Amino acid sequence: MMRNTQAATNDWDSSQKCGLSLLNQQLIDVRQELDDLKTALNAHAIVAVTDARGVITQVNETFCQISRYAQHELIGRTHRIINSGQHSKAFFLNLWTTISSGEVWHGEICNRAKDGSLYWMHTTIVPFIGTTGRPERYIAIQADITQRKQAEQQVSHLALHDALTGLPNRVLLAERLQQTMAAIGRNRRFGALMLLDLDNFKDINDRLGHSLGDELLRQVAHRLHHCVCASDTVARVGGDEFVILLNDLDADPGQARVRAHAMAERIQQALASGFNLSGQQVHSSSSIGLLLMGDAEQEQEELMRLADMALYKAKARGRNNVYAFDPQLQAEAQDRASLASDLREALSHEDIGLHLLFQPVVDLLQRPLGWEALLRWQHPTKGLLTPDAFIEQAEQTGLAFPLGQWVLQAACRQLAQWSHVPGAAHWSLAVNVSTRQFQDPLFVSSVQSALESTGASPDLLRLELAESMFLIDIESSILKMQELQVLGVRFALDDLGTGYSSLTCLQRLPLNQLKVDHSFVQGLPGDPGNAAITATILALARALNLKVVAEGVENAAQLGFLRQQGCDAFQGHLFGKPMPASEAERYFMRPKP
Ligand code: C2E
Ligand code: MG
Ligand code: MG
């Protein structure tokens, strides 16, 4: 029994020993397997282990190699040490929400190595759940995908950038423009689009060859890039055509315009200093078309078309010019263009809405010496317009002469009518002449024909000329005036003091009258400057033997001062506002009380 017991014990022992050594062997095998796995993993992957709070507890050698940090620099720190700043907060929030809920996270992360270089990891983070049921550590297994990422980035860079200069191309510009328009809509601030073209690129290219031409474009790109802010875009969209997109200028359109202009000038200056092309010094200027952007609804194509138009205008002005085109100016330009075409239409019909009003010029006893004809236009939609609203437009569109001729005819007709009205037959009539009208070679004959066709007396016609008319060609102006003077026509210099007449000029012109501008009369008698100017003009007129009419007399104090200074003819609301001819006759021929 004893033996049996002993034998049994021995059997158990040996079987246990046998079992233990088997277990041991298995353990050794498992450990070996684990070691092999670890070696294989270390050879292939970048591994980091963190605790539940994300603090690094282990990293493998490959992790250290790629991050360029030593193990002791990493352990005890979080992954923030290698944060590249390339991912948003939302990216990391999503990562942490996934792994802290016990799920595996896969993704691509860009990290920053100790030397500042960026590297990309394909990353799998596995959470290990502890006894509490919550993750107690995480193992990140990562593979280096930097090369693939760089290749991808290069491909997308090539698709979006100009190969020669490295600047954004048309495709990327369109994307940026879209973003800018969206921001304009959101923030209600103005941006600007500039189209820049080198003035003499073709010459340089032809003269120096294409490779130096390319070098010039690269240097231009470089300078442009340095002129703008990081948030702006400089793109190359064609041979020597560049686009500059300024994102966020100002909420106020005026300020935005000023800032855009300043930038355009800065760019032109930056390109104005010479370029060194392989030892050859080359100079180039640029033309810029500028478009202010404030309407988020505008289509990209339309924006580019307008900027292109602006560039075309800049080029048309000659080299080294900036032409700004903004929606407000565009609307105003359209308005002016339609006003000019309405005026053309008005002049080609009989019942045209154009008519003259008459304002009296009176003597010391406030009796009318004559009248000034003042043009009015009853516009079909804009209502009654005074000349300030359309004369300049008429000047710019070749309508000054026909319009002036219409005025001359109407004024001479009126003079002829008054010649038959008792008490009005001696009234003179002053007619304003515009610059282009006066400069027209047919001016003299147009006055003659108005006088002849109406039968008006030339002695009663006064032509009012402005100082600016004599700046261009005083000799031919004098000849014209003399020709008309021979017929009996007289001349007045209007708005005296607002132009740049020299005394010699005044002396040479065959004038009969000076008109003191109402801006000087307005401040009388209190304003010492205005008082001095008026007194000087009156003294000058006396010295030159000319009559003076003071314009814009509105009150008795002004009249008193002017009289005191020796002025003897007056015009202004104090004596009568511009009125129709019929009213003029009634007004000044009514029996005096
Ligand atoms: P102007 O020749 O100096 O004419 C005087 C202007 O002063 C007129 O303005 C008149 O209405 C205004 N005025 C007269 N009295 C007073 C006053 O007491 N106070 C103030 N504040 N203003 C007064 P209007 O009719 O608007 O004409 C403006 C300008 O347009 C004229 O200045 C003249 O240069 C030009 N103009 C008028 N008619 C014609 C025309 O037939 N042809 C051309 N080319 N220009 C004309
Ligand atoms: Mg006048
Ligand atoms: Mg005047």
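In the range 461-498, how many residues are within 16 Å of ligand 2 (Cβ to nearest atom), over 44 Å from the mean Cα position of the chain (by Cα) and either farther than 18 Å from residue 441 by Cβ or of a type in the set (D, E, K, R) (or both)?
4
For the range 358-371, which positions are within 14 Å of ligand 1 (Cβ to nearest atom), of a type outside the set (S, T, N, Q) and in contact with a Lys or Arg (Cβ under 8 Å, 6 or more places away or on another chain)?
Of everything in the range 358-371, just one residue is within 14 Å of ligand 1 (Cβ to nearest atom), of a type outside the set (S, T, N, Q) and in contact with a Lys or Arg (Cβ under 8 Å, 6 or more places away or on another chain), namely 370.
Would you point out which residue out of 185, 239, 209, 213 is modelled with pLDDT of 90 or more, surrounded by fewer than 16 Cβ atoms within 10 Å (Cβ to Cβ) and within 24 Å of residue 308 (Cβ to Cβ)?
Values: 185 fails: modelled with pLDDT of 90 or more; 209 fails: within 24 Å of residue 308 (Cβ to Cβ); 213 fails: surrounded by fewer than 16 Cβ atoms within 10 Å (Cβ to Cβ).
Answer to the selection: 239.
I want to confirm something. Restricting to the range 459-508 and keeping residues that are of a type in the set (Val, Ile, Thr) and away from ligand 3 (no atom under 16 Å from the Cβ), which single residue is surrounded by the most Cβ atoms within 10 Å (Cβ to Cβ)?
First, pick out the residues of the range 459-508 that are of a type in the set (Val, Ile, Thr): 472, 474, 478, 486, 489, 498, 504.
Filter again for away from ligand 3 (no atom under 16 Å from the Cβ), leaving 472, 474, 478, 486, 489, 504.
On the way: 472: 11, 474: 15, 478: 16, 486: 9, 489: 21, 504: 9.
If we take residues in the range 459-508 being of a type in the set (Val, Ile, Thr) and away from ligand 3 (no atom under 16 Å from the Cβ), then 489 is surrounded by the most Cβ atoms within 10 Å (Cβ to Cβ).
Of all residues being farther than 16 Å from residue 556 by Cα and in a loop (DSSP other than H, G, I, E, B) in the range 509-534, which is nearest to ligand 3 (Cβ to nearest atom)? Just the residue, please.
Of everything passing the filter in the range 509-534, 517 is nearest to ligand 3 (Cβ to nearest atom).
Condition test on residue 89, is it at pLDDT below 95 and either surrounded by 15 or more Cβ atoms within 10 Å (Cβ to Cβ) or farther than 18 Å from residue 149 by Cβ (or both)?
On the way: at pLDDT below 95: yes; either surrounded by 15 or more Cβ atoms within 10 Å (Cβ to Cβ) or farther than 18 Å from residue 149 by Cβ (or both): yes.
Yes, satisfied.
Within the set of pairs 6+ apart or on separate chains, which have a first residue in the range 461-483 that is over 30 Å from residue 358 (Cβ atoms), a second that is within 16 Å of ligand 3 (Cβ to nearest atom) and part of a helix (DSSP H, G or I), and C-beta atoms under 9 Å apart?
472/435
May I ask you to list pairs of residues, at least six apart or on different chains, whose Cβ atoms are under 7 Å apart, with the first in the range 12-41 being farther than 30 Å from residue 59 by Cα and the second being among the charged types (D, E, K, R)?
The qualifying pairs do not exist here.
Among the residues of the range 374-392 satisfying the criterion of being in a strand (DSSP E or B) and loosely packed, with under 13 Cβ neighbours inside 10 Å, which is nearest to ligand 3 (Cβ to nearest atom)? Reasoning before the result, please.
Within the range 374-392, the subset in a strand (DSSP E or B) is 374-379, 383-385.
Those still in the list that are loosely packed, with under 13 Cβ neighbours inside 10 Å too: 383-384.
On the way: 383: 23, 384: 20 Å.
By that ranking, first place goes to 384.
Got a number for residues in the range 344-368 being more than 16 Å from ligand 3 (Cβ to nearest atom) and not charged (D, E, K, R)? Reasoning before the result, please.
In the first step, residues of the range 344-368 are kept if they are more than 16 Å from ligand 3 (Cβ to nearest atom); the result is 344-355, 363-368.
Filter once more, keeping what is not charged (D, E, K, R): 346-349, 352-355, 364-366, 368.
Summing the residues that are more than 16 Å from ligand 3 (Cβ to nearest atom) and not charged (D, E, K, R) in the range 344-368 gives 12.
Can you give me the number of residues within the range 556-574 that are of a type in the set (Gly, Ala, Ser), within 16 Å of ligand 2 (Cβ to nearest atom) and either within 13 Å of residue 534 (Cα to Cα) or crowded, with 22+ Cβ neighbours inside 10 Å (or both)? Talk me through it step by step, then tell me what you get.
Step one: list which residues in the range 556-574 are of a type in the set (Gly, Ala, Ser), which gives 556-557, 560, 566, 569, 572.
Add one more test, that the residue is within 16 Å of ligand 2 (Cβ to nearest atom), and what stays is 569, 572.
In the following step, the residues that additionally are either within 13 Å of residue 534 (Cα to Cα) or crowded, with 22+ Cβ neighbours inside 10 Å (or both) were identified as 572.
Number of matching residues: 1.
Can you name the condition, by its number, that residue 53 falls short on among (1) in a helix (DSSP H, G or I); (2) among the charged types (D, E, K, R); (3) farther than 16 Å from residue 109 by Cβ?
That leaves (1) as the condition not met.
Would you check if there is a residue in the range 255-268 being exposed (fewer than 13 other Cβ atoms within 10 Å of the Cβ) and in contact with a Lys or Arg (Cβ under 7 Å, 6 or more places away or on another chain)?
No, because not a single residue in the range 255-268 is exposed (fewer than 13 other Cβ atoms within 10 Å of the Cβ) and in contact with a Lys or Arg (Cβ under 7 Å, 6 or more places away or on another chain).
Among 402, 422, 441, which is the only one that is assigned by TED's automatic domain parsing to the domain that holds residue 574 and within 22 Å of residue 575 (Cα to Cα)? Full working, then the answer.
Values: 402 fails: within 22 Å of residue 575 (Cα to Cα); 441 fails: within 22 Å of residue 575 (Cα to Cα).
Only one candidate qualifies: 422.
Counting just the residues of the range 511-553 that are within 14 Å of ligand 1 (Cβ to nearest atom) and among the small types (Gly, Ala, Ser), which one comes out surrounded by the most Cβ atoms within 10 Å (Cβ to Cβ)?
550
Residue by residue through the range 283-298, note down the ones that are within 15 Å of the chain's Cα centre (by Cα), of a type in the set (Gly, Ala, Ser) and part of a strand (DSSP E or B).
Once the filter is applied, which keeps residues that are within 15 Å of the chain's Cα centre (by Cα), of a type in the set (Gly, Ala, Ser) and part of a strand (DSSP E or B), the range 283-298 yields 287, 289.
In the list 553, 548, which residue meets the criterion of being among the β-branched types (Val, Ile, Thr) and either more than 16 Å from ligand 2 (Cβ to nearest atom) or in a strand (DSSP E or B) (or both)?
Details: 553 fails: either more than 16 Å from ligand 2 (Cβ to nearest atom) or in a strand (DSSP E or B) (or both).
Result of the check over 553, 548: 548.
Would you confirm, using the coordinates I've provided, whether residue 477 is farther than 21 Å from residue 414 by Cα and assigned by TED's automatic domain parsing to the domain that holds residue 569?
Details: farther than 21 Å from residue 414 by Cα: yes; assigned by TED's automatic domain parsing to the domain that holds residue 569: yes.
Spelling it out, residue 477 is indeed farther than 21 Å from residue 414 by Cα and assigned by TED's automatic domain parsing to the domain that holds residue 569.
Hey, among 559, 538, 506, 524, which residue is at negative phi and modelled with pLDDT of 95 or more?
Details: 538 fails: modelled with pLDDT of 95 or more; 506 fails: modelled with pLDDT of 95 or more; 524 fails: modelled with pLDDT of 95 or more.
Of the residues listed, the single one that is at negative phi and modelled with pLDDT of 95 or more is 559.
For residue 483, all conditions in the list (1) within 16 Å of ligand 1 (Cβ to nearest atom); (2) among the acidic types (Asp, Glu); (3) modelled with pLDDT of 95 or more hold save one; what is the number of the exception?
Going through (1) within 16 Å of ligand 1 (Cβ to nearest atom); (2) among the acidic types (Asp, Glu); (3) modelled with pLDDT of 95 or more one by one, residue 483 breaks only (1).
Here are some residues: 264, 221. Which one is at pLDDT 95 or above and touching a Ser or Thr at 6+ places or on another chain (Cβ under 7 Å)? Quick ask: steps written out before the conclusion?
Values: 264 fails: touching a Ser or Thr at 6+ places or on another chain (Cβ under 7 Å).
Exactly one of 264, 221 is at pLDDT 95 or above and touching a Ser or Thr at 6+ places or on another chain (Cβ under 7 Å), namely 221.
Considering (1) away from ligand 3 (no atom under 16 Å from the Cβ); (2) surrounded by 15 or more Cβ atoms within 10 Å (Cβ to Cβ), say which one residue 331 fails and leave the rest.
Only one criterion is unmet by residue 331, namely (2).
For residue 51, are the conditions met, namely being touching a Ser or Thr at 6+ places or on another chain (Cβ under 6 Å) and either under 30 Å from residue 118 (Cα atoms) or not hydrophobic (A, V, I, L, M, F, W, C) (or both)?
Numbers: touching a Ser or Thr at 6+ places or on another chain (Cβ under 6 Å): yes; either under 30 Å from residue 118 (Cα atoms) or not hydrophobic (A, V, I, L, M, F, W, C) (or both): yes.
When the stated conditions are applied, residue 51 passes them.
Restricting to the range 564-593, what's the tally of residues that are within 16 Å of ligand 1 (Cβ to nearest atom) and closer than 30 Å to residue 505 by Cβ?
The total comes to 6.
So which residues in the range 241-282 are of a type in the set (S, T, N, Q) and assigned to a loop (DSSP other than H, G, I, E, B), if there are any at all?
At the first step, the residues of the range 241-282 found to be of a type in the set (S, T, N, Q) are 247, 255, 268-269, 273, 276, 278, 280-281.
Once the filter is applied, which keeps residues that are of a type in the set (S, T, N, Q) and assigned to a loop (DSSP other than H, G, I, E, B), the range 241-282 yields 273, 278.
For the range 427-441, give me each residue that is in a loop (DSSP other than H, G, I, E, B) and either under 19 Å from residue 391 (Cβ atoms) or within 16 Å of ligand 1 (Cβ to nearest atom) (or both).
Taking the range 427-441 and keeping what is in a loop (DSSP other than H, G, I, E, B), we get 427, 433-434, 440-441.
Answer for the range 427-441, where residues must be in a loop (DSSP other than H, G, I, E, B) and either under 19 Å from residue 391 (Cβ atoms) or within 16 Å of ligand 1 (Cβ to nearest atom) (or both): 433, 434, 440.
Just the residues that are free of Cβ contacts under 8 Å to residues at least 40 places away in the same chain and assigned to a loop (DSSP other than H, G, I, E, B), please, taken from the range 556-593.
Hits for the range 556-593 are 565, 566, 573, 574, 590, 591, 592, 593.
Kindly list the number of the only condition in (1) over 19 Å from residue 545 (Cβ atoms); (2) in contact (Cβ under 8 Å) with a residue 12 or more places away in the chain that fails for residue 508.
In the conditions (1) over 19 Å from residue 545 (Cβ atoms); (2) in contact (Cβ under 8 Å) with a residue 12 or more places away in the chain, residue 508 misses (1) alone.
The values are calculated or read from the model by the stated rules, or taken from the named source; none is laboratory data. Nothing here was measured: the structure is a model prediction, and the numbers come from that model. Ideal geometry is used to build each Cβ from the backbone, glycine not excepted, and the neighbour counts take in all protein chains shown.
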